[in-house]
């Protein structure tokens with residue numbers, strides 16, 4: 001009992017720190033949204049009237065960072081894309097039977113959407129590498145169709161059939177214009193909701209921010225940027241409620257945060273691997289880890305463990321990769337999946353034998369998997385790990401908890417078998 005009481009006290013202190021960190025990091029990460037919108041027109045010849053073109057692929061490139069974002073024009077030829085960071089972007093339009101069009105670079109430095117309309121012309125549908133596209137953009141973009149060398153002869157007077165066809169065409173154009181106006185109104189509403197939601201988030205009015213993001217998603221549920229913002233706002237709300245001892249209301253907010261982030265991950269995963277944004281996985285992992293640790297939600301713990309493992313696999317920095325693996329191990333441990341947890345902790349210790357969080361996590365997993373201390377080998381290894389944590393940790397709370405845990409095992413276990421020293425040295 002003494003062992004478990006000390007762990008809960010330490011966990012509460014850690015959550016308070018996380019609440020402060022989340023507030024600071026969230027304000028920075030989601031305050032720099034921008035957007036690009038516009039309409040793509042198709043012009044068959046120099047004398048033809050440009051018409052809105054649906055289904056054209058829009059590629060958005062960053063000048064300073066490799067990788068690309070993609071979307072497609074809707075049935076009115078319009079597009080709208082929320083970008084997650086300010087910077088200089090290049091917009092490219094291309095598709096089957098079209099000549100690609102590159103627009104000059106544009107700087108996004110505020111939440112106000114940048115309007116970029118594009119006119120595409122007939123072509124072979126080929127698309128050069130991104131490096132060539134960026135170079136073309138720097139040189140001013142793709143030139144349009146040349147002017148006709150001479151004005152065409154006046155057309156003959158229209159027949160009755162032609163007049164009827166023209167009237168139908170005018171009616172169809174009016175309908176398209178009406179739909180375009182409706183789409184523009186929706187885009188304007190999305191822009192307004194993005195601005196008001198981000199402003200509320202920045203002043204830490206997370207309830208208002210979440211409401212604004214929900215309104216935006218009611219207009220268009222397939223916007224990963226708004227889903228990510230909603231995940232951030234509801235995570236802040238959940239931590240505040242938990243610290244205020246509103247535990248059930250906090251759980252609802254944690255669940256909403258995890259669901260929003262997981263939905264953003266699913267939308268983002270529809271893109272090729274090189275185009276995915278890992279920040280949505282990070283938000284989902286964090287929300288589900290809280291649910292596993294604070295509410296013993298085993299399903300949430302497995303989800304968090306999966307997301308953290310995927311984040312670790314994508315991480316090239318060893319220190320950050322170890323941190324993510326330990327978080328994955330913690331999540332599986334909270335879910336009662338001790339074998340998966342132990343495997344992750346041991347993998348970290350194989351690469352970094354002095355990793356205190358991995359030592360502590362493995363010791364706690366061994367103890368949690370054998371609470372009656374029946375297995376003398378687990379008891380012995382757990383004591384050895386807790387003793388190393390107590391000797392190496394700089395945090396007095398971690399040191400004290402490890403000492404108490406080791407003492408608890410020594411005084412409770414019927415038999416203890418110490419492991420032989422075989423740990424790999426760095």
**Study point:** Meets criteria (surrounded by fewer than 23 Cβ atoms within 10 Å (Cβ to Cβ), closer than 23 Å to residue 364 by Cβ and at pLDDT 95 or above) for residue 248
**Key:** no
Study note, to complete from the structure: Across region 72-82, the tally of residues that are surrounded by 16 or more Cβ atoms within 10 Å (Cβ to Cβ) and either out of contact with any strand residue (DSSP E or B) (no Cβ under 6 Å at 6 or more places or on another chain) or without any contact (Cβ under 8 Å) to a residue 60 or more places away in the chain (or both) stands at 4
Point to revise | Among the candidates 121, 39, 70, residue that is outside any loop (DSSP other than H, G, I, E, B) and either at pLDDT below 90 or under 25 Å from the mean Cα position of the chain (by Cα) (or both) | key: 70
**Study point:** Members of region 339-367 that are out of contact with any helix residue (DSSP H, G or I) (no Cβ under 7 Å at 6 or more places or on another chain) and assigned to a loop (DSSP other than H, G, I, E, B)
**Key:** 353
Practice item. Name the residue, out of 274, 256, 302, that is in contact with a strand residue (DSSP E or B) (Cβ under 9 Å, 6 or more places away or on another chain) and either modelled with pLDDT of 95 or more or surrounded by fewer than 20 Cβ atoms within 10 Å (Cβ to Cβ) (or both). Key: 274
Practice item. Would you point out which residue out of 202, 222 is at pLDDT 95 or above, surrounded by fewer than 15 Cβ atoms within 10 Å (Cβ to Cβ) and under 30 Å from residue 79 (Cα atoms)? Key: 202
Check your understanding: Can you tell me which residues in region 83-109 are within 23 Å of residue 278 (Cα to Cα) and either part of a strand (DSSP E or B) or touching a residue at least 60 places away in the same chain (Cβ under 8 Å) (or both)?
Key -> 83, 84, 87, 88, 89, 90, 91, 108, 109
**Study point:** Condition check for residue 191: modelled with pLDDT of 95 or more and under 30 Å from residue 252 (Cα atoms)
**Key:** no
Review point. Which number in (1) assigned by TED's automatic domain parsing to the domain that holds residue 274; (2) in contact (Cβ under 8 Å) with a residue 40 or more places away in the chain marks the one condition that residue 339 misses?
Key: (2)
**Study point:** Breaking point among (1) in a helix (DSSP H, G or I); (2) not assigned by TED's automatic domain parsing to the domain that holds residue 79, for residue 134
**Key:** (2)
Revision key, fill the gap. Residue 145: passes all of (1) surrounded by 15 or more Cβ atoms within 10 Å (Cβ to Cβ); (2) modelled with pLDDT of 85 or more but (2)
Review point. Which ones in region 246-282 are part of a helix (DSSP H, G or I), closer than 22 Å to residue 59 by Cα and without any contact (Cβ under 8 Å) to a residue 12 or more places away in the chain?
Key: 266, 269, 273
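The values are calculated or read from the model by the stated rules, or taken from the named source; none is laboratory data. From a predicted model like this one, the values you see are computed outputs, not experimental measurements. Counting neighbours? That spans all protein chains shown, and the Cβs are built from the backbone with ideal geometry, glycine included.
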